[in-house]
Structures are given as structure tokens and as C-alpha cells.
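Chemist: Take this structure, written in C-alpha cells, and hold onto it; I'll ask about it next.
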Amino acid sequence: MYGITPFGRNPFNLFNVFNELDRDFFSDSMQVNSCRTDIRDKGEKYVMESELPGFEKEDISIDIKDSYLVISAERRNNNEKNDSEKNGSEKYIRRERSYSSYKRSFDISDVDTDGINAEYKNGVLTIDLPKKKHEEPVTKRLEIK
């Protein structure tokens with residue numbers, strides 16, 4: 001990101017160009033392509049809340065593979081021709097929202113997979129993950145002969 005005033009920058013200094021590129025590329029202003037997720041322990045279950053703003057419920061998939069829960073979401077916008085026809089002579093100058101996807105995996109080896117419930121509301125995916133019931137190991141005494 002460039003500052004408001006360009007003073008102090010020498011455009012002919014090659015190291016400044018790389019420093020700016022490095023700062024711009026790795027700065028916080030670049031949006032990370034992942035869904036932010038909070039996980040709470042509520043005693044007999046975990047509650048997972050993942051931010052997926054702008055997605056429709058149909059764009060989101062929740063899969064269980066082995067002992068992992070995989071959340072993925074994909075949005076494509078293939079309506080460029082339709083948009084220009086609807087809006088007449090209106091054309092995009094810059095279009096940044098045409099495609100986005102997210103994919104996260106979580107270890108759920110301590111979860112009863114049959115009781116998992118999910119709800120998507122206001123851009124937040126909430127998943128209830130009931131914990132497996134742990135049975136106390138059975139102890140028995142053997143008689144010595």
C-alpha cells in the first residue's frame with residue numbers, strides 16, 4: 001500500500017521497489033483466503049462458528065472424511081454477459097468479487113459424527129459437534145490358581 005505522500009521514495013532504488021512489493025504482498029491489507037472459525041467447548045458438545053459472508057447455503061459443503069470435518073465453500077459469478085445486458089451500457093471498471101473459495105479441515109476424532117448438526121444464518125455457519133461418550137474401562141480381578 002502506498003502512503004499519501006510519495007516523499008522519501010527513490011523510484012530508481014531497486015531495493016525500495018522490492019521492499020514495497022514485500023510490504024504490499026505480505027501486509028494485513030491482503031485478505032487471507034480462509035474462513036475464520038471459533039470453536040467453543042460447551043461441556044457435552046463443541047460449537048464451531050465459521051464466517052462465510054456472501055455465500056448462499058447451497059454454496060457450502062460439509063463433509064466427513066476419516067476423522068476430519070471438511071468445510072468448503074465456493075462462489076462463482078459467470079453472469080458477466082447478463083450483467084452488461086441488464087445494465088445497458090454499464091460496464092465494470094474493476095471486478096474483485098467474481099470468484100472465491102474456502103476450505104478448512106478439523107480433527108473430529110473426539111466427536112460423535114451421527115449427532116452433528118449445522119445451521120447457516122447471516123454469513124455464519126454454526127456446527128454443533130456432540131462429544132463421544134467415554135466409557136470407563138472395565139476392571140476385573142483375576143483369580144490366581
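Chemist: Quick one: M48 ticks every box in (1) aliphatic (A, V, I, L, M); (2) at pLDDT 95 or above; (3) in contact with a Gly (Cβ under 7 Å, 6 or more places away or on another chain) except a single one, so which number is it?
Modeler: (3)
Chemist: Scan the stretch 52-76 residue by residue and report those that are part of a strand (DSSP E or B), touching an Asp or Glu at 6+ places or on another chain (Cβ under 7 Å), within 16 Å of C35 (Cα to Cα) and not aliphatic (A, V, I, L, M).
Modeler: E74, R75
The values are calculated or read from the model by the stated rules, or taken from the named source; none is laboratory data. The model shown is predicted, which means the values in this text are computed figures rather than measured ones. Quick reminder, even Gly has a Cβ in these numbers, built from the backbone with ideal geometry, and neighbours come from all protein chains shown.
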